[in-house]
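Here the structure comes first, spelled out in structure tokens, and everything after it is commentary.
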Amino acid sequence: MASVVEKLIIQAIQTFSRTKAPSTQSFQSNFSQLKLLAEKITAEDVNLHESLSKYNKKRSSNGQDAPVTYIEIFENEDVTVGIFVLKSDTRIPLHDHPHMHGILKVILGTVKIQSYSALPNVKNPTPECLKNSIAGRGDFLFSESLKKQEIVISKKMPEIACTFSDGALILTPSDKNLHEIRCVEGPSAFLDVLAPPYSSSSSEEDPRVCHYFTEAPKTQIVSNEDVNPKEDHTWLLQIPCPKEFYCDTADYCGPVINLA
Ligand SMILES: [Fe+2]
């Protein structure tokens with residue numbers, strides 16, 4: 001009998017296969033079923049304990065100690081399924097998932113998730129106009145982001161805390177597509193289903209890459225009728241990947257996935 005992990009992978013392939021191009025209705029139905037399956041997954045189902053004990057042995061022999069560890073379960077050209085493990089007091093910095101869908105299910109510890117939805121109908125400020133307005137303020141990050149026009153105007157969602165007993169969270173190309181994940185009681189771990197994978201090509205970007213952001217403090221947003229954001233708008237500035245964040249890998253030790 002198929003394990004719950006195998007059922008999840010089969011459903012993920014069916015949901016996100018780009019060769020079959022399902023109707024919107026069948027995509028939504030498949031996506032909902034996939035979310036339900038993700039909500040059934042526990043740390044025991046993926047044998048997380050075994051992965052972590054093997055990882056810890058390897059780490060003590062070669063001294064590696066990354067804040068975040070990734071365990072790949074499955075990846076093809078349409079979807080990637082894996083587990084992120086966060087040590088106590090670490091975070092995956094604010095990042096996006098360009099034109100992607102995702103399902104996130106906590107299976108260990110407690111994380112806090114701060115999500116943002118980009119507002120596509122909100123016109124980006126004119127960089128020239130903003131540059132003039134902030135001239136002399138001397139904020140390097142802000143002015144660099146402006147120069148490159150790498151600003152996302154977004155709606156900030158309420159921060160939520162999640163444990164293994166909570167349901168799965170979803171993100172879509174337009175809804176909650178950016179998030180920061182902080183481990184508040186660790187180690188913590190969550191199952192992550194993403195489609196298409198970051199490495200895959202897209203029409204907008206080739207290859208699809210992850211961008212990192214930081215919130216612009218409100219004090220940096222000048223009072224100017226043309227550029228002053230509305231109360232519930234948050235400006236996100238693209239930044240290089242924060243130095244304290246890096247990821248290593250551990251082996252998947254759960255049930256074998258048989259797709260034959
Ligand atoms: Fe993410």
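The values are calculated or read from the model by the stated rules, or taken from the named source; none is laboratory data. For clarity, every value in this text was computed on a predicted model and none was experimentally measured. Note: ideal-geometry Cβ built from the backbone for every residue, glycine included; neighbour counts use all protein chains shown. Remember, those area values only see protein heavy atoms, side chains included, never the ligands or the DNA or RNA. Shrake-Rupley method; radii C 1.70, N 1.55, O 1.52, S 1.80 Å.
List of remarks:
- Qualifying residue in region 156-163 (condition: free of Cβ contacts under 8 Å to residues at least 60 places away in the same chain, in a strand (DSSP E or B), of a type outside the set (Asp, Glu) and within 16 Å of the ligand (Cβ to nearest atom)): yes
- Every condition in (1) open to solvent by 20 Å² or more (accessible area, probe 1.4 Å); (2) under 20 Å from Leu259 (Cα atoms) is met by Thr15 except one, and the failing one is (1).
- Glu39 fulfils the conditions (1) farther than 18 Å from Leu169 by Cβ; (2) open to solvent by 10 Å² or more (accessible area, probe 1.4 Å) except for a single criterion, (1).
- Filtered by the rule that a residue be assigned to a strand (DSSP E or B), at pLDDT 95 or above and open to solvent by 70 Å² or more (accessible area, probe 1.4 Å), region 171-186 gives a lone residue, Arg182.
- Scanning region 187-199 for residues that are surrounded by fewer than 19 Cβ atoms within 10 Å (Cβ to Cβ) and within 16 Å of the ligand (Cβ to nearest atom) gives Pro197, Tyr198, Ser199.
- Residue in region 47-65 that is within 13 Å of the ligand (Cβ to nearest atom), modelled with pLDDT of 95 or more and within 15 Å of Thr249 (Cα to Cα) present: no
- When Asp96, Asp78 are checked against the criterion of being open to solvent by less than 60 Å² (accessible area, probe 1.4 Å) and touching a Pro at 6+ places or on another chain (Cβ under 9 Å), Asp78 stands alone in meeting it.
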